[in-house]
Amino acid sequence: MNDTTAYVQWFRQSSPYINAHRGKTFVIMFDGDALMHPNFDTVIQDIALLNSLGVRLVLVHGARPQIDAVLERLDISSNFHNDLRITDSEALRAVKAAVGMVKADIESRLSLGIPGSPMHGSRIRVVSGNFVTAKPLGVIDGVDFQHTGEVRRVEHQAVNSLLDQQNVVLLSCSGYSPSGEMFNLGVEDVAYHAATSLRADKLIAFNAGEGLLDDSGEPIKELTCRQLELHLPELKGSQRWQADMAMRCVRQGVPRVHLISYETDGALLQELFTREGKGTLVSQDAYDQLRAANIDDVAGILDLLRPLEEQGVLVRRSRELLENEIHRFFVIERDGLITACAAVYPYSEDQAELACVAVHGDYRGSNRGQRLLEQIEQEARRRNLKQLFVLTTRTAHWFVEHGFKAGQVSELPQEKQKLYNYQRNSKVFFKTL
């Protein structure tokens with residue numbers, strides 16, 4: 001087979017992946033060492049190719065070696081604790097300078113479009129800004145980390161809006177507090193929060209090696225979270241940080257995390273567009289299925305609801321009542337375990353109640369509640385309902401964050417008003433569909 005025939009065959013075989021990735025959101029992370037490697041120019045070219053194929057891209061960069069270089073030029077010493085930099089006021093000057101230079105370097109490389117270059121005609125728009133809200137790491141083991149921080153949140157709605165406009169969004173290893181302070185952040189921390197808050201389809205993390213290696217030094221093609229957890233004790237440095245980040249991401253709802261090499265030419269394209277891949281793929285150890293509930297789910301739903309009923313968060317339901325109302329429920333099942341549920345109760349042609357929203361304690365903080373809400377909203381629209389309402393005593397903030405607005409008991413359907421328990425004093429929220 002000659003080179004031309006091999007190329008044509010590879011291109012044809014990659015077309016299913018091209019179709020699968022179009023319109024999906026990828027968070028791509030690379031540390032400061034990756035930017036200094038001679039192969040990084042080809043990494044940028046491959047990122048530009050993903051953009052041209054319709055992939056929504058969020059890039060997250062680190063800057064540790066660049067910060068070290070600025071500190072050395074300024075003759076400023078920097079201390080570490082638990083392998084984390086203690087960023088005092090002087091070190092923060094270096095962080096600002098290094099992060100600014102790295103950001104400008106990435107933007108300039110993505111702007112390259114001269115004739116004859118692989119990126120000719122790409123016209124990539126790169127947008128960066130204060131999308132990462134940070135907070136101080138604080139005092140650990142008696143050590144004050146000062147301007148070293150951790151991510152509080154990523155402004156995912158603003159980022160998504162920019163991605164909808166076909167921009168590439170660039171996030172730095174820094175963030176700002178509401179009081180205007182700047183904090184030095186771990187690149188893995190930013191990438192994790194970006195991927196989970198954006199509900200990214202993939203997180204791709206570049207490192208110096210060919211992903212993770214087994215005991216004989218051979219690359220591991222694929223790992224479940226459970227298998228990766230067994231490998232963690234033997235990993236050190238950046239590999240340990242990335243493996244921990246990968247495991248946390250997948251457990252919080254990111255379907256796949258890829259660990260690939262920035263030293264290998266074309267590793268990104270091989271990993272995404274070939275069956276064999278070129279790195280380590282980390283995925284969940286069991287499939288989470290969102291579906292309509294059936295009578296066999298009653299016991300699992302009762303087990304899920306019982307702790308919340310005992311805490312007074314939910315009104316107690318008997319098995320008989322649940323069996324009669326099971327057709328109103330949706331569940332998320334993981335390996336035979338009901339990890340989340342919610343129900344919808346129509347009260348009129350226009351209104352329905354969202355009820356029994358519950359997530360298993362081991363899976364809170366994931367996107368299960370949001371997935372169920374989206375499913376029920378879709379079901380409500382299918383029935384031509386105009387409004388959902390919910391009564392809650394303990395989780396008002398969650399519903400507000402998902403578009404519900406506070407209302408009065410008097411705005412409820414008459415039938416529901418008659419059933420309202422004034423002793424529980426539940427708050428009432430509405431969402432127009």
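The protection proxy used here, the mean number of other Cβ atoms lying within 10 Å of each residue, ranks peptides 92-101, 12-21 as follows, highest first: 92-101, 12-21. Sites listed here are chymotrypsin sites (Phe, Trp or Tyr not before Pro) in region 360-433 whose DSSP assignment is loop and whose Cβ has at most 10 other Cβ atoms within 10 Å: Tyr422.
Normalised Debye scattering of region 1-65 at q = 0.24, 0.27, 0.28 Å⁻¹ gives log10 I(q)/I(0) of -1.02, -1.10, -1.13, counting only Cα atoms as equal scatterers and leaving out solvent. Efficiency by 1/(1 + (r/R0)^6): what FRET value for Asn324 and Asp362, r their Cβ-Cβ distance, R0 = 30 Å, to the nearest 0.05? E(calc), rounded to 0.05, equals 0.55. Radius of gyration (Cα atoms) of the chain, expressed as a multiple of 2.2 N^0.38 Å: 1.12. Put simply, when 135-142, 210-217 are sorted by average Cβ atoms within 10 angstrom per residue, most first, you get 210-217, 135-142. Listed by chain and number, the aspartates and glutamates whose alpha-carbon sits under 13 Å from that of Lys96, ignoring those within fewer than 8 places in the same chain, are Asp68, Asp88, Glu181. Normalised by 2.2 N^0.38 Å, where N is the number of residues, the alpha-carbon radius of gyration of region 51-102 equals 1.47. Here region 353-433 exposes an accessible surface that is 42 percent carbon and sulfur, computed with a 1.4 Å probe and the other protein chains kept in place.
Here the relative contact order of region 319-433, from alpha carbon pairs under 8 Å that lie six or more residues apart, stands at 23 percent.
Ignoring lysines fewer than eight residues from Lys405 along the same chain, the ones with Cα atoms less than 30 angstrom from its Cα are Lys135, Lys386, Lys416, Lys418, Lys427, Lys431.
In the chain, helices alone account for a calculated mean residue ellipticity at 222 nm of -11500 deg cm²/dmol, with every DSSP H run of four or more residues adding -39,500 (n - 2.57). Tally the DSSP beta bridges in the chain and give the antiparallel ones as a percent, rounded to 5. Here the antiparallel bridges make up roughly 60 percent for the chain. Seen from Asn79, the other residues with C-beta closer than 10 Å to its C-beta sum to a net charge of 0, counting Lys and Arg as +1 and Asp and Glu as -1. Give the shape of region 34-181 as rounded, prolate or oblate, defined through the alpha-carbon gyration tensor: a ≥ b ≥ c are the square roots of its eigenvalues, a/c under 1.5 means rounded, and otherwise the shape is prolate if a/b is larger than b/c and oblate if not. Judged from the Cα gyration tensor, region 34-181 comes out oblate (a/c at least 1.5, b/c at or above a/b).
The values are calculated or read from the model by the stated rules, or taken from the named source; none is laboratory data. If you're wondering where the values come from, they're calculated on a predicted model, not measured in any experiment. Cβ: placed from backbone, ideal geometry, glycine included. Neighbour counts: every protein chain shown. What goes into the accessible areas is simple: the full protein's heavy atoms, side chains included, and nothing from ligands, DNA or RNA. Shrake-Rupley method; radii C 1.70, N 1.55, O 1.52, S 1.80 Å.
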